[in-house]
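In what follows, a single structure is set out as structure tokens and then discussed.
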Amino acid sequence: MSATEREHVMPPRPLMPWTMALCAGMCMSCALVLNVTADALLREQAPAVGPLWAIPVAAAVFVVLAQSCARLAPWKRWLYAASVGLVAGAVVSAWWAVGALSASKALDARAASSLEFVVQGDPSINDDVYSYTCEARADGKNLATVRLSCDRELRVGAHMRVIGRVSRFENDAYGRSRVLRGEVCKVKAVRILSVDEGSPGPLLRLRNGLLASIAPATDPARAFIAGVVCGRSAELHAQPAGDWFSVTGTAHLIAVSGSHLAIVGFVIEGALQKTRCSRGLQRAILAITLVGYAAFTGASPSAVRACCMVFTTLVVNGAGRRRHGASALFATMSIFVLLRPTVLFEIGFQLSCASVFAILCFCPYASYALGELGVPSGIASMLSVTLCSQLATLPITIPAFGTFSLIAPLANAVIGPVVSVLLAVSIVLVPFSLVAPLQAWALVVPMIAARCALFFEQLFAAVPGASVSVPSDSMWIYLVPCLLAVLLVWWPRPRARPMAVGLACLVLLAAIPYIYWDRFAPPSVTVLDVGQADAILVRQGDAVALVDCGLDERVVSALVRNNVHHIDAVFVTHWDEDHWGGLPDVLDQFSVRAIVVAADALDGAPAEVLNRPSVTYRQVACGDTVDIGAFRTRVMWPFDTVDGEGNEDSLVLLLSYAQEGKSLRVLLTGDAELDQEREFVQEVGDIDVLKLGHHGSKVSVDTDLLGTLKPELSIASAGEGNRYGHPSDACIDAVRDAGGAFACTIEHGDITVSPTAKGFAMRCQRP
């Protein structure tokens, strides 16, 4: 049979090993125990052990079924493996949980200055704040893993003492994610007392030396080289170029994984073949080299996972046994979870395992299916890897990042080979940068390859619609693994015409919601839940406007869950941070046509929002109108030119909708004071909805104002547990005494009002 004929042979259904059940049982019990532990650490209360009884009960049921049910005899090994996995996962995670709870109590009673912190990995950089995973030590003993933030860069392995504050994580999404990853508390370093670089090992000294010679903070190309060669991507992600990889779906090209080890192994194996070493010695050298490279790059879960699988393959080949990728994968995952249960919640580990599993199971099938559609074999092989990996990781990437890259298959096909060349030449040439005479020349070729890759990254990232925002709670993303499971069980023979029709239908179904919300959105005004800040979404048809932008990146998440894909205009009422703080994130994530402020307020605008390409800046005064679809937006305040700094300078907008027998009047007050509101309230008259200023403070409204406006609904935007006590009881009582209803984002989440023939309808959506 020729090679061409083999390419068109239907691949067999992959065999699933019993280690899959062992790994699944271990992961499920670990996840349950760790979540119970996280609840105890975040809520500072005794752990609720009730749900943990499900683990021994399920294990016992599996054992009973395996012993007593004859029909399940073919699955006996699977049932036993699942029960063993459940028990083993519960034991190791409970051991970690006991240690974490005791460590948390010990740290609560200690000052930061009494501890020594040892840096365990590269930092994450945000607004010149460096955050590290550190080991907290006292009297030479490790107490716990913590998250330390400071204002300077530190090397891996550095020992330091600080003056700062030790505290528990907040009970929110970020705090839970850090605790589940093994960090029991956070430390904010106010002042660093001492730093001891210690005596790093030879690999760490080599890595630090290469990073110093590469200087990743000085140039995006150098940051890219540091990420590909040394596994350090903090500087790249801190630069605008880092966003290109997310948009194009090529972020995995930076993370050290199996593909990196394969390239390194190819280079090393090519060099070894030039020697007269025996095959066994070559395999040993290759294994040691790959282990060393994984350690050199920081021993990320994806790199260690790939290294373990390569080592297993070498052992199996050396023993003359048939290798099985799925068995190696699940065995490796089980070992990882047994050694460190918290690795289960590291996104790198999740992405690596999910993508490798999908590639092992479905990549041959996808290549065959694409071949049936007439795609050349080489292109089909590259596309199948990207498609399988991208689909399998959707339930992980979309809840984490809220985006889906449509251009990822093409971008990976073009940029992937360039990055492979970059890595191959870099591991040969970059070490010469440690030699002073060669330092200027060693990076020439890697820099050319890096700039070429970044050129294509920027090119693909600039394509309209390259990446779309997807609500993290979209149910369809969880249907993808179900469909893949059905495919694995069914394993049908793909035919060209049914596949073409099916793909066309899937594309159409996926496009319908996007087109609906992008072009035919019903008229609505939504007060977004963005914490102790303001952000109001106004939309109708294809017109979208945002009034204020919250305090931080939460506004982006709020817009995504409300199916916003573009923004025509952003109104900034005034330059208080809780009204504009999220604007840079909005400008980075969405196409924004215009920014609208009060007359002369643009002079006081923060530098982060100015000089944006393709954004026009408009200043409005009292009496000006702006149309948002069928909404007529009229500026009611300020009367004169302002600088936009104070509450008295705040824009006040009256939204009016009247179409097809439906009407709605909404007053958005920004943070205008009562004295200013009394200047125009008579002109406004009766309204349907009042957006309260000052987050519902006691000075946001009074009886006279409510008596003139007569709002049926008053809405306040406030953050849960805010230190001001907003919304105040006085505000709530005043609204209700005036005969209106009161709603707050704390209790209701996003609050949407829509015009109806009988007034308006209110709908709420929790984040």
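What follows is calculated from the coordinates using simple rules that are stated; it is not laboratory data. Computed from a predicted structure; not experimentally measured. Neighbour counts are summed over all protein chains in view; Cβ atoms, including those assigned to glycine, are modelled from backbone coordinates with ideal geometry.
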Self-check item: Radius 14 Å from Cβ of Thr250, net charge of other residues (Lys, Arg +1; Asp, Glu -1)
Solution: -2
Quiz item: Using a basic spin-label model with each label point 7 Å from the Cα along Cα→Cβ, how many nm lie between Ala295 and Glu197?
Solution: 2.0
Practice problem: May I ask you to derive the FRET efficiency for Leu479 and Leu339 from their Cβ-Cβ distance with R0 = 30 Å, giving the value to the nearest 0.05? | Solution: 0.35
Quiz prompt | Order of Phe631, Phe266, Phe456, Phe742 under a 10 Å beta carbon neighbour criterion, fewest first | solution = Phe266, Phe456, Phe742, Phe631
Exercise. Only helical DSSP H runs with n ≥ 4 go in: add -39500 (n - 2.57) per run for the chain, normalise by residue count and round the 222 nm mean residue ellipticity to 500 deg cm²/dmol.
Key: -15500 deg cm²/dmol
Quiz item: Please state the relative contact order of the chain as a whole percent: Cα pairs under 8 Å, 6+ residues apart?
Solution: 8
Exercise. Just report the Cα centroid separation between the stretch 364-396 and the stretch 142-169, whole Å.
Key: 44
Quiz item: How big is the gap, in Å, between the Cα center of the stretch 563-638 and the Cα center of the stretch 716-744?
Solution: 27
Quiz item: What FRET efficiency comes out for the pair Lys105/Arg205, r = Cβ-Cβ distance, R0 = 22 Å, nearest 0.05?
Solution: 0.05
Quiz item: How do the peptides 474-482, 706-714 rank, highest first, by the average count of neighbouring beta carbon atoms within 10 Å per residue?
Solution: 706-714, 474-482
Quiz item: If Lys and Arg each add +1 and Asp and Glu each add -1, what is the summed charge of the other residues whose beta carbon sits under 15 Å from the beta carbon of Gly201?
Solution: +2
Exercise. List Val544, Val63 from most exposed to least, where exposure is judged by having the fewest other Cβ atoms within 10 Å.
Key: Val63, Val544
Exercise. Note down the nm distance, to one decimal, between modelled labels 7 Å out along Cα→Cβ at Ala621 and at Gln239.
Key: 4.6
Quiz prompt | Residue-span extension gain [Arg13 to Glu153] - 0.36 nm each, minus C-alpha spacing | solution = 45.4 nm
Exercise. Enumerate the lysines that Lys662 could reach by cross-link, defined here as Cα to Cα under 30 Å, with residues fewer than 8 away along the same chain left out.
Key: Lys691, Lys710, Lys758
Exercise. Consider a paramagnetic label point 7 Å from the Cα of Arg632 along Cα→Cβ; state which residues of the stretch 657-697 have an amide N under 11 Å from it.
Key: 657-659
Exercise. Could you list Met333, Met762, Met309 in order of exposure, starting from the residue whose Cβ has the fewest other Cβ atoms within 10 Å?
Key: Met762, Met309, Met333
Quiz item: How about Lys274: which lysines have a C-alpha closer than 23 Å to its C-alpha, ignoring those fewer than 8 places off in the same chain?
Solution: none
Quiz item: In a shell of Cβ-Cβ distance under 11 Å around Asp704, excluding Asp704 itself, what net charge do Lys and Arg (+1) and Asp and Glu (-1) give?
Solution: -1
Quiz prompt | Packing-based order for 718-728, 268-278, 179-189, 102-112, using average beta carbon neighbours within 10 Å, highest first | solution = 179-189, 718-728, 102-112, 268-278
Quiz item: Computed FRET efficiency, Cβ-Cβ of Val489 and Phe455, R0 51 Å: what is it to the nearest 0.05?
Solution: 0.70
Quiz item: So, in Å, what gap is there between the alpha-carbon centers of the stretch 66-81 and the stretch 172-187?
Solution: 39
Quiz item: Which whole DSSP H helices in the chain pass both tests: a Cα extent of 27 Å or more along the axis and a mean Kyte-Doolittle value no lower than 1.0?
Solution: 19-43, 347-372, 408-429, 496-519
Exercise. Mind ranking 417-427, 129-139, 613-623 by how tightly packed they are, going by the mean number of other C-beta atoms within 10 angstrom, highest first?
Key: 417-427, 129-139, 613-623
Self-check item: Full-stretch length increase - Cys505, Ser591 - with 0.36 nm per residue and alpha-carbon distance subtracted
Solution: 28.1 nm
